[in-house]
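Here is the structure we will look at, set down as structure tokens.
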Amino acid sequence: MDFDITHGSAILARTPATLHALLDGLDSAWTSATEGPDTWSAYDIVGHLLHGERTDWIPRAQLILAQGDTRRFAPFDRFAQFEASQGRSLEELLREFTAHRAASLDTLQGWHLSDSQLALRGEHPAFGDVTLRQLLATWVAHDLGHLAQIARVMAKQYRAAVGPWREYLPILDR
């Protein structure tokens, strides 16, 4: 499927509600569990999504659209949530993510992007030239990847409890 801003925005708009439905009010045994050392919990992932909402998608899109002297993206700190989320509840992170996502989508929709604008380029610190279209498609895939990650981390908490049914639950071994 080629990236389409309407289709992509439909996913981006649903991510906060999906996170709320899945996580809000759950016991921390679910939301703080990980897959082992150096892996992320659902809480960590929400913090990561919030950090990205503040510092990645729209700021990078603005940089591309400005087509100024520098189009190079600032490096993204993929682990900033560990410090930024300290002492905050999951409910607080979810509320803040929801508000930031709504503002991001308002900004995105307000741009009324043309095909020529979607083809504009920025410079990723690791990948080099990337288009706005690729950035926005990545935003959608990034959301979906982290939603799948949350489901996988949570499912693995019952890896042993399912007994022989594990054979039919490939999510438990990914």
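The values are calculated or read from the model by the stated rules, or taken from the named source; none is laboratory data. Keep in mind that what you see is a predicted model, and the values were worked out from it rather than measured. Cβ: placed from backbone, ideal geometry, glycine included. Neighbour counts: every protein chain shown. To get the accessible areas, we keep the full protein, side chains included, count just its heavy atoms, and leave off ligands, DNA and RNA. Shrake-Rupley method; radii C 1.70, N 1.55, O 1.52, S 1.80 Å.
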Legend entry - Per-region count, region 79-91, residues at pLDDT 90 or above, closer than 16 Å to ARG54 by Cβ and within 17 Å of the chain's Cα centre (by Cα): 2
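Provide a single number: the residues in region 18-35 that are open to solvent by less than 50 Å² (accessible area, probe 1.4 Å) and either among the polar types (S, T, N, Q) or out of contact with any helix residue (DSSP H, G or I) (no Cβ under 9 Å at 6 or more places or on another chain) (or both). Explain how you work it out, then say what you get.
Here is the first cut: in region 18-35, the ones open to solvent by less than 50 Å² (accessible area, probe 1.4 Å) are 19, 23, 31, 33.
Add one more test, that the residue is either among the polar types (S, T, N, Q) or out of contact with any helix residue (DSSP H, G or I) (no Cβ under 9 Å at 6 or more places or on another chain) (or both), and what stays is 31.
Residues flagged as open to solvent by less than 50 Å² (accessible area, probe 1.4 Å) and either among the polar types (S, T, N, Q) or out of contact with any helix residue (DSSP H, G or I) (no Cβ under 9 Å at 6 or more places or on another chain) (or both) within region 18-35 amount to 1.
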Inset, instruction - May I ask you to list the residues in region 50-77 that are within 17 Å of HIS142 (Cα to Cα), among the hydrophobic types (A, V, I, L, M, F, W, C) and open to solvent by less than 40 Å² (accessible area, probe 1.4 Å)? - result: LEU50, TRP57, ILE58, ALA61
Inset, instruction - From (1) hydrophobic (A, V, I, L, M, F, W, C); (2) under 29 Å from GLN86 (Cβ atoms); (3) open to solvent by 50 Å² or more (accessible area, probe 1.4 Å), pick out the condition that doesn't hold for ILE11. - result: (2)
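Mind checking which residues of region 56-101 are outside any loop (DSSP other than H, G, I, E, B), of a type outside the set (Phe, Trp, Tyr), out of contact with any Gly (no Cβ under 7 Å at 6 or more places or on another chain) and in contact (Cβ under 8 Å) with a residue 24 or more places away in the chain?
Filtering region 56-101 for residues outside any loop (DSSP other than H, G, I, E, B) gives 57-66, 72, 81-84, 90-101.
Cutting the leftovers down to of a type outside the set (Phe, Trp, Tyr) gives us 58-66, 72, 81, 83-84, 90-96, 98-101.
Cutting the leftovers down to out of contact with any Gly (no Cβ under 7 Å at 6 or more places or on another chain) gives us 58-59, 61-62, 65-66, 72, 83, 90-92, 94-96, 98-101.
The answer is ILE58, ALA61, LEU65, ARG72, LEU90, GLU91, LEU94, GLU96, THR98, HIS100, ARG101.
Please go through region 128-174 and give me each residue that is of a type in the set (Lys, Arg) and open to solvent by less than 20 Å² (accessible area, probe 1.4 Å), ordered by number.
Here is the first cut: in region 128-174, the ones of a type in the set (Lys, Arg) are 133, 152, 156, 159, 166, 174.
Passing the criteria: none in range.
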Inset, instruction - Please identify the pairs in which a residue from region 23-49 that is farther than 16 Å from ARG88 by Cβ has its Cβ atom under 7 Å from the Cβ atom of a residue that is assigned to a loop (DSSP other than H, G, I, E, B) and hydrophobic (A, V, I, L, M, F, W, C), counting only partners at least 6 apart or on another chain. - result: THR34/TRP40
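Does ALA161 meet the test of being farther than 15 Å from GLN62 by Cβ and part of a loop (DSSP other than H, G, I, E, B)?
On the way: farther than 15 Å from GLN62 by Cβ: yes; part of a loop (DSSP other than H, G, I, E, B): yes.
Criteria met by ALA161.
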Legend entry - Selection within region 104-127 - part of a helix (DSSP H, G or I), of a type in the set (A, V, I, L, M, F, W, C) and either modelled with pLDDT under 95 or open to solvent by 50 Å² or more (accessible area, probe 1.4 Å) (or both): TRP111
Inset, instruction - Of the numbered conditions (1) more than 22 Å from THR138 (Cβ to Cβ); (2) open to solvent by less than 20 Å² (accessible area, probe 1.4 Å), ILE45 fails exactly one; give the number of that condition. - result: (1)
